[in-house]
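Below is one structure, written out as structure tokens; comments come after it.
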Amino acid sequence: MQPFKGMFWSVQYDDVYPPSRLFNNAANCQEHIDFINDEITSRLQSGAVTLLGKVGEVQPPHIVSPITIEHTKPRLCINLMYLNSFMKDTPFNLDTLVDVPKTVRKGSFLTKLDDKSGYDNVFVTESSRHLLGFEWGGYFFCCNTLPFGWENSAFIYHSLNLQGISFLRSKSISCLLYIDDRLIEEFHGNLPNDLDNPIMRSHIALRCCHVVKKCVKL
């Protein structure tokens, strides 16, 4: 986390830590009430979200961010732009289709894999969850897992997935990673014991401690 000085949604800030705020949900939520109800129920059952209590009866989270709907999926997202204003950038590189011909050998096939609800498999520390609050239907909730909308979620999830990818690359198995999407080589034939793909070897995995306030390399 880092200090933020500037204007956000017509309010001036000069703070080292985000002041407590409560924001209203996006207007498009009213068009997807049933979908949002189903999504929150599902996440409560999986443990990805915690119900804190009824508005007016419990202490609200430190930040209550607006929820919104990404229409393309559709997908329930939390608009964490306010929290993101206090976050340090964590740039990282992604494999793309341009990298495929550099790593795949003749006679091989690629299998595509992607994680289902991948972010919900990575929990954030309890001390950070009060920054990931939202309100729906007159109740306060908080996220227990990486939320869509947080600036560092993709970096953390991609870095964790690099653990498995790096193991495969160490065995000279061509594979590419794009956050939660993978292309893994299926090769029919014999590989020389000393085969070494320098492009695969050049990828370095990170072990991360995932905390909303920071991402620490171990």
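Please specify each residue of the range 111-128 satisfying the condition of being surrounded by 11 or more Cβ atoms within 10 Å (Cβ to Cβ) and touching an Asp or Glu at 6+ places or on another chain (Cβ under 6 Å).
Those that are surrounded by 11 or more Cβ atoms within 10 Å (Cβ to Cβ) and touching an Asp or Glu at 6+ places or on another chain (Cβ under 6 Å): ASP115, GLY118.
Confirm whether MET1 is within 24 Å of THR90 (Cα to Cα), modelled with pLDDT under 90 and not in a strand (DSSP E or B).
Yes; evaluated as a whole, the condition is true for this residue.
Could you give every pair whose Cβ atoms fall below 6 Å, whose first residue belongs to the range 135-157 and is in contact (Cβ under 8 Å) with a residue 60 or more places away in the chain, and whose second residue is among the basic types (Lys, Arg), counting only separations of at least 6 or pairs across chains?
TYR139/LYS54; CYS142/ARG129
Is there a residue in the range 81-92 that is of a type outside the set (D, E, K, R), touching a residue at least 24 places away in the same chain (Cβ under 8 Å), closer than 14 Å to GLY133 by Cβ and in contact with a strand residue (DSSP E or B) (Cβ under 9 Å, 6 or more places away or on another chain)?
Yes; the residues of the range 81-92 include at least one that is of a type outside the set (D, E, K, R), touching a residue at least 24 places away in the same chain (Cβ under 8 Å), closer than 14 Å to GLY133 by Cβ and in contact with a strand residue (DSSP E or B) (Cβ under 9 Å, 6 or more places away or on another chain).
Going by the structure shown, is ILE184 at pLDDT below 85, part of a strand (DSSP E or B) and either among the aromatic types (Phe, Trp, Tyr) or surrounded by fewer than 19 Cβ atoms within 10 Å (Cβ to Cβ) (or both)?
The answer is yes for ILE184.
Of the residues that make up the range 120-127, is at least one more than 30 Å from PHE4 (Cα to Cα), out of contact with any helix residue (DSSP H, G or I) (no Cβ under 8 Å at 6 or more places or on another chain) and in contact (Cβ under 8 Å) with a residue 60 or more places away in the chain?
no
Scanning the range 12-35 for residues that are under 22 Å from the mean Cα position of the chain (by Cα) and outside any loop (DSSP other than H, G, I, E, B), which turns out surrounded by the fewest Cβ atoms within 10 Å (Cβ to Cβ)?
PHE35
The values are calculated or read from the model by the stated rules, or taken from the named source; none is laboratory data. All values reported here derive from a predicted model rather than from experimental measurement. Heads up, the Cβs are rebuilt from the backbone with ideal geometry, glycines too, and the neighbour counts pull from every protein chain shown.
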